[in-house]
């Protein structure tokens, strides 16, 4: 017989945060509308509430200053979140900024298991301008996994070509639903509500014990927009 514990739900609303805590055993859900900066901290980015294509959102862009390279801790993050295993879902947009360099691709995604001192994190992101390009190799680089500080896309691509990136159809400037499922050392990336992952990573570089915050991640040359962040925590931390 499969018995479940009763559901306990608590909902509170303030600023950008709508927290719905629902418990089935050790499962908990938190929801963030992302219509203000409440509860967020910035690291090498600037952010502001905005309405983008009729949807309330946060715009996240690089802060002025020296560019230190790709796949770093460049995000607006939730310092009070401690995520280990579970699911991260968000609506997002990646589009090129007016001053984007030629190598920009509209990089936008989610960083997770961010160390409290920001010394480590990993994440998955999209390259929207690659998806419908004329070059098949660029199309194959529409999604990406990385792990800061040791595993940038360049190192992973050199050491294990095609293993940590893949193709998915994307339209720059359009809302896209993204979901990441994390279990121990494995992460699955789903896009557009698909029931099949577009990217499978079986060896998360920070290891199965890693945990930490979650961030709204962008890279240089991107205007990122984020809305409706939903985090499901499963077991443990």
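None of the figures in this text is laboratory data; all of them are computed from the coordinates on show. Quick caveat, the model's predicted, so the values are computed rather than measured. In this analysis, Cβ positions are derived from the backbone assuming ideal geometry, glycine residues included, and neighbour counts consider all displayed protein chains.
Relative to the current alpha-carbon distance between residue 56 and residue 80, full extension at 0.36 nm per residue lengthens the span by 6.4 nm. Our summary gives segment 37-234 a relative contact order of 33 percent, counting only alpha carbon pairs under 8 angstrom and 6 or more residues apart.
Computed from the C-beta positions of residue 102 and residue 26, the FRET efficiency with R₀ = 45 Å rounds to 0.40.
Given that just one value was derived from the coordinates, which of (i) 25; (ii) 30; (iii) 38 is percent of Cα pairs over 27 Å apart? Of the listed options (i) 25; (ii) 30; (iii) 38, (ii) comes from this structure. Residues 220, 113, 157, ranked from the fewest to the most other C-beta atoms within 10 Å, line up as 157, 220, 113. Shown is the FRET efficiency for residue 185 and residue 42, computed with R0 = 25 Å from the Cβ-Cβ distance and rounded to the nearest 0.05: 0.25.
Label-to-label distance for residue 67 and residue 209 is 3.8 nm, based on points extended 7 Å past Cα in the beta-carbon direction.
Taking springs between alpha-carbon atoms closer than 10 angstrom, which of 147, 227, 160 fluctuates most in the Gaussian network model of the chain? Highest fluctuation of the listed residues: 160.
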